[in-house]
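Working notes, beginning with the structure itself.
The values are calculated or read from the model by the stated rules, or taken from the named source; none is laboratory data. These figures come from a predicted structure and were not determined experimentally. Here the Cβ positions follow ideal geometry from the backbone for every residue, glycine too, while neighbour counts run over all protein chains shown. In case anyone asks, the SASA skips ligands and DNA or RNA and just uses the protein heavy atoms, side chains included. Shrake-Rupley method; radii C 1.70, N 1.55, O 1.52, S 1.80 Å.
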Amino acid sequence: MTTAWTLDASDGELLIRTGVTGRAARMGHRLTIAMTRWRATVSWAGDEPAGAELTVDVDSFEVLRGEGGVKSLSGPEKAIVKSNAMRSLDSGRYPEIRFVADTVTPTGDGYRLDGTLHIKGKSRSHVIDLRTEDLGDSWRLSVESTVRQRDYGVKPYSLLMGSVQVTDEVSVSFSAVHAKD
């Protein structure tokens, strides 16, 4: 019997979606960001998952696209977005984001993971509802969760004296496929 699963970016994707607010919000872009280096482990007790941990390399931040705005988001602008995010997240000092689930409880369509989210040196309780789907020879795992940046000491980026701001709440989605043993 397998005692742990290990997944990484070759098994799925971890995306962050931002919103825009402020008086001139129409000028800003709603971003879709991929975190390209991450690893998740799931520990098992018999036939049930007993714990889970996700570690994300902060500098693996890659802007995929920006929707809205006055004009399309260019390559150099994507680089500026990443640079601003690395500064906001203090990636040199805090190179990883981690979620550790201490309690895993079965639900109707998957599992509830109660644990702690660690971002930029701050730790907060966080609950994730993980959906599972039986694909026959593998399992699809998926999550949608919301994180408030200010809860972790991250100041949402703004420009034009606050007329355009990234929303405090960002949406995090995770999707992966793992072969059955």
Q: Would you calculate the separation in nanometres between label points at E48 and T105, each defined as 7 Å from the Cα along the Cα-to-beta-carbon direction?
A: 1.2 nm
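Give the accessible surface of the chain per residue, rounded to a whole number of Å², with probe radius 1.4 Å and ligands, DNA and RNA excluded.
I get 55 Å² per residue for this part.
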(Q) Given a 1.4 angstrom probe, I'd like the percentage of the accessible area of region 22-74 that is carbon and sulfur, rounded to a whole number. (A) 52 percent
**Q.** Spherically averaged projected area in nm², based on the convex hull that wraps the Cα atoms of region 1-84
**A.** 7.1 nm²
**Q.** Local electrostatic count, D102, Cβ distance below 14 Å [Lys/Arg +1, Asp/Glu -1]
**A.** +1
(Q) Testing the spin-label approximation: label points 7 Å from Cα along Cα→Cβ at T36 and Y157. State their distance in nm. (A) 1.7 nm
Q: Round to the nearest 10 and give me the degree value, 0 to 90, for the angle of helix 75-88's Cα axis relative to the longest principal axis of the chain.
A: 70 degrees
Q. Which value results when the Cα radius of gyration for the chain is divided by 2.2 N^0.38 Å?
A. 1.10
Q) Under a 5 Å amide H to amide H cut-off, with H placed in plane at 1.01 Å, what residues pair with A52 once short-range neighbours are removed? A) S43, A101
Q) Hey, in the GNM for the chain with a 10 angstrom Cα cutoff, which one of L135, L31, L64 fluctuates hardest? A) L135
Q: Just subtract the alpha-carbon distance of K120 and S138 from 0.36 nm times their residue separation and send over the number in nm, one decimal.
A: 3.0 nm
Q: Treating cross-link reach as a plain straight distance, find the lysines whose alpha-carbon is under 17 Å from the alpha-carbon of K82, omitting any fewer than eight places away in the same chain.
A: K120, K155
Q) So what is the relative contact order for region 4-179, in percent, with contacts set as C-alpha pairs under 8 Å and at least six apart? A) 24 percent
Q) Suppose every K and R has +1 on its Cβ and every D and E has -1 on its Cβ; what is the size of the dipole of region 1-133 about the Cα centre, in Debye to the nearest 20? A) 1040 debye
(Q) If I stretch the segment between Y94 and M27 completely, what's the gain in nm (0.36 nm per residue apart, minus their alpha carbon distance), one decimal? (A) 21.0 nm
Q) Taking the Cβ of E62 as the center, what net charge do the other residues with Cβ under 13 Å away carry, scoring Lys and Arg +1 and Asp and Glu -1? A) +1
**Q.** the chain - mean residue ellipticity at 222 nm from DSSP helices (-39,500 (n - 2.57) per run, n ≥ 4, rounded to 500)
**A.** -2500 deg cm²/dmol
Q) If H126, H118 are ordered by their accessible area, calculated over protein heavy atoms with a 1.4 Å probe, which sequence runs from highest to lowest? A) H118, H126
Q. How far apart, in nm, are the 7 Å Cα→Cβ label points at R131 and R87?
A. 3.8 nm
